[in-house]
Amino acid sequence: MHRSAAAGAVLALTALLIGAVPAGAEPTDTHVITLDPAAVDDIDALQQIYGPWPAGRRAEDPTATARCGPASPDPVPDGQPIVVSMPPASPFTVGAIPASSWRNPPVTDVTWRLQYEGLMWMKPLARRAVMDGQMQSFAALVAQAVAFHRQNPDPGNNNYGWDEGTALRRLETENCLYALQASEQLRPGMTADAQVLLSGRYYGPPNFPVHNHGLMANLQLVRAGEQLGVPSWKSTAIRRMTSEAPQAFSTQGLSYEQSSMYHGVNTSLWASAVAVLRDTPGSETAAASVDRIVAKARIANQWLTEPDGVIVQVGDSDEIGGSAATLTTPRVLRDDQTGWDIGRWSWSDPNAIYYTVRSGPARRAHGQHDRAGGVTFSAAGVRVLVGPGRFTYDATNNYHAYQVSPNSHNVALPDGGTVTSAGGKVTANVVQGPAHNWTVQDTMFGISHTRGVNVNRDTVTMKVSDTFPSKSLWRQYFHLDPEWTMVSATPNSTTMVFAHPSGRRLTITTTGRLSSAVQGITRPPQGWHFPEWGARVWAYEIVIRSYGRSSVTSLKVS
């Protein structure tokens, strides 16, 4: 369901392989490699690094077992300097990277720094070099990895690329390099990175909740311990995975990371953990236990898949393919532990109604400020109300502030309210054949708020009511899928009509008054949707102001 999107801040990795070129002259041989920054959290890319490889692929390409991820599409020939361009920074040359750049990178974006200081840009180049037998180029990459540790030793804290997230990605890269050719030059650096993941900086218990970073760290520790012959690294990781698996998902099988996409990431990673446990003598019982947890998570992923086959965008998430349905009985999934309430009337009809209502614990991990009864809604084969998705993790970027804010979600905001991380609680729900009804109470803005959500199968309608007993003015925010276009909507009106390319119509009626229906405003951002990392498209953001104790807005698809 990826739709055409305006270009956003996409990180490109470009390797310029050049011979001796006079100053100021253009290189005569340029090879371009594009690396999607979201690949560090992309399920398909993670599968290449953490998942099992079919025997046929291993025979066809021995470098596949090195778990480096995709190889560079272009060669890395020996005898030519490797000049790497990672916009927006200036190009750098492998083997001649200024030592100062590790502690003062030229770009502030956290994802760029993760790629750079985590040496993630090396993996596609290294794998391609070995595939082609270009071992001089491969040796240059190994030497650069060794130089990183010599030039930028661990300061004992999270600075300069020594946080757990960057260290685990760097160990991931070093495991790739070592698997391609077992160079003992890599051992000291791998040991330094492993020590970060064995210290209090580890992203997991007892200092932090269970998180995908912790699991990735443990999987890399297992691999590094096996490659370098350090059994204590593997035994620590096995012990952690065994004890932490029950804390990764709710009893209903949903991830605690508050994101539909990261639920899939966690499910895939824990499936890899099952494979590791099965291959570890004495951990067979633990493997079976974790496998049962993963089985529930796979079922939950079916609930997170809309009738169009793409996951619902809740929390930090992209429009990616979901899971094929094996369930047959339409019903409601209510999970108070994670704050997911999902309803659907069919597992096979693409025109069936599908919706989500958000509540649950305080915002954390990859969650956003939607936990005060935030909703999504799809009906008659089209998406109607959607979450924002994710654009960036750069906290200094205005679009990041927008993607996590309540303003980008289908929630109600009191005038002058201050947002907190508090979540909501389902206080009542009624599930009948033709209609589902939910009541959510919260104090996300520091004051009492009650939201009612009624979804009717027969009238193809979602009705949303909000009450702020201590406020006389608040605003309801509704965000339409980018496909909708405005037919009629005037300020202060109580009825709005929108059209969809499929021929569907959306009629919105309210007891409040329309304040605005805008799209594509940049300062501050309003009316945007993020279908995938770094991409943004215009989408209607509707704001309805309400006075008095309560207000009701109805959205009907015809």
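The values are calculated or read from the model by the stated rules, or taken from the named source; none is laboratory data. Since the model is a prediction, treat every value here as computed from it, not as a measurement. Neighbour counts are summed over all protein chains in view; Cβ atoms, including those assigned to glycine, are modelled from backbone coordinates with ideal geometry. To get the accessible areas, we keep the full protein, side chains included, count just its heavy atoms, and leave off ligands, DNA and RNA. Shrake-Rupley method; radii C 1.70, N 1.55, O 1.52, S 1.80 Å.
The table below lists the values:
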read-out: Check on R113, modelled with pLDDT under 65, open to solvent by 70 Å² or more (accessible area, probe 1.4 Å) and among the basic types (K, R); value: no
read-out: Subset of segment 422-444 [of a type in the set (A, V, I, L, M) and part of a strand (DSSP E or B)]; value: V426, A428, V430, V431, A435, V440
read-out: Test result for A89, more than 21 Å from T173 (Cα to Cα), of a type in the set (A, V, I, L, M), at pLDDT 50 or above and assigned to a loop (DSSP other than H, G, I, E, B); value: yes
read-out: Selection status of S472, among the hydroxyl-bearing types (S, T, Y) and open to solvent by less than 60 Å² (accessible area, probe 1.4 Å); value: no
read-out: Count - residues of segment 546-558 that are at pLDDT 95 or above and either in contact with a Lys or Arg (Cβ under 6 Å, 6 or more places away or on another chain) or surrounded by 18 or more Cβ atoms within 10 Å (Cβ to Cβ) (or both); value: 5
read-out: Number of positions in segment 140-177 that are aromatic (F, W, Y) and open to solvent by 20 Å² or more (accessible area, probe 1.4 Å); value: 1
read-out: Filter result (buried (at least 21 other Cβ atoms within 10 Å of the Cβ) and aromatic (F, W, Y)) within segment 317-368; value: W340, Y354, Y355
read-out: Among the residues listed as Q227, Q258, Q252, Q313, the single one being open to solvent by 60 Å² or more (accessible area, probe 1.4 Å) and in contact (Cβ under 8 Å) with a residue 40 or more places away in the chain; value: Q252
read-out: Neighbours by Cβ (under 7 Å, 6+ apart or cross-chain): first from segment 409-438, farther than 22 Å from Q258 by Cβ and without any contact (Cβ under 8 Å) to a residue 24 or more places away in the chain; second among the hydrophobic types (A, V, I, L, M, F, W, C) and open to solvent by 50 Å² or more (accessible area, probe 1.4 Å); value: N437/V430
read-out: Residues being touching a residue at least 40 places away in the same chain (Cβ under 8 Å) and open to solvent by 10 Å² or more (accessible area, probe 1.4 Å) - total across segment 230-243; value: 3
read-out: Of all residues in segment 390-421 being in contact with a helix residue (DSSP H, G or I) (Cβ under 7 Å, 6 or more places away or on another chain) and not in a loop (DSSP other than H, G, I, E, B), the one that is nearest to S348 (Cα to Cα); value: S408
read-out: Answer from T280, T267 - the residue that is more than 19 Å from V357 (Cα to Cα), open to solvent by 10 Å² or more (accessible area, probe 1.4 Å) and either assigned to a helix (DSSP H, G or I) or among the hydrophobic types (A, V, I, L, M, F, W, C) (or both); value: T267
read-out: Residue check for S272: assigned to a helix (DSSP H, G or I) and more than 24 Å from the chain's Cα centre (by Cα); value: no
read-out: Answer residue from segment 78-94, given it is out of contact with any strand residue (DSSP E or B) (no Cβ under 8 Å at 6 or more places or on another chain) and within 24 Å of M131 (Cβ to Cβ) and is least open to solvent (accessible area, probe 1.4 Å) among those; value: D78
read-out: Residues of segment 414-461 satisfying the condition of being open to solvent by 50 Å² or more (accessible area, probe 1.4 Å), within 30 Å of the chain's Cα centre (by Cα) and not polar (S, T, N, Q); value: V419, K425, G446
read-out: Test: residue in segment 124-139 that is at pLDDT below 95, over 18 Å from A192 (Cα atoms), open to solvent by 40 Å² or more (accessible area, probe 1.4 Å) and not in a helix (DSSP H, G or I); value: no
read-out: One residue from T392, T326 being polar (S, T, N, Q) and more than 26 Å from Q526 (Cα to Cα); value: T326
read-out: Test: residue in segment 327-349 that is more than 20 Å from T439 (Cβ to Cβ) and in contact with a helix residue (DSSP H, G or I) (Cβ under 7 Å, 6 or more places away or on another chain); value: yes
read-out: Subset of segment 190-205 [open to solvent by 10 Å² or more (accessible area, probe 1.4 Å) and within 17 Å of F148 (Cβ to Cβ)]; value: T191, A192, Q195
read-out: Subset tally (residues that are modelled with pLDDT of 95 or more and either surrounded by fewer than 24 Cβ atoms within 10 Å (Cβ to Cβ) or under 21 Å from N301 (Cβ atoms) (or both)) for segment 370-384; value: 10
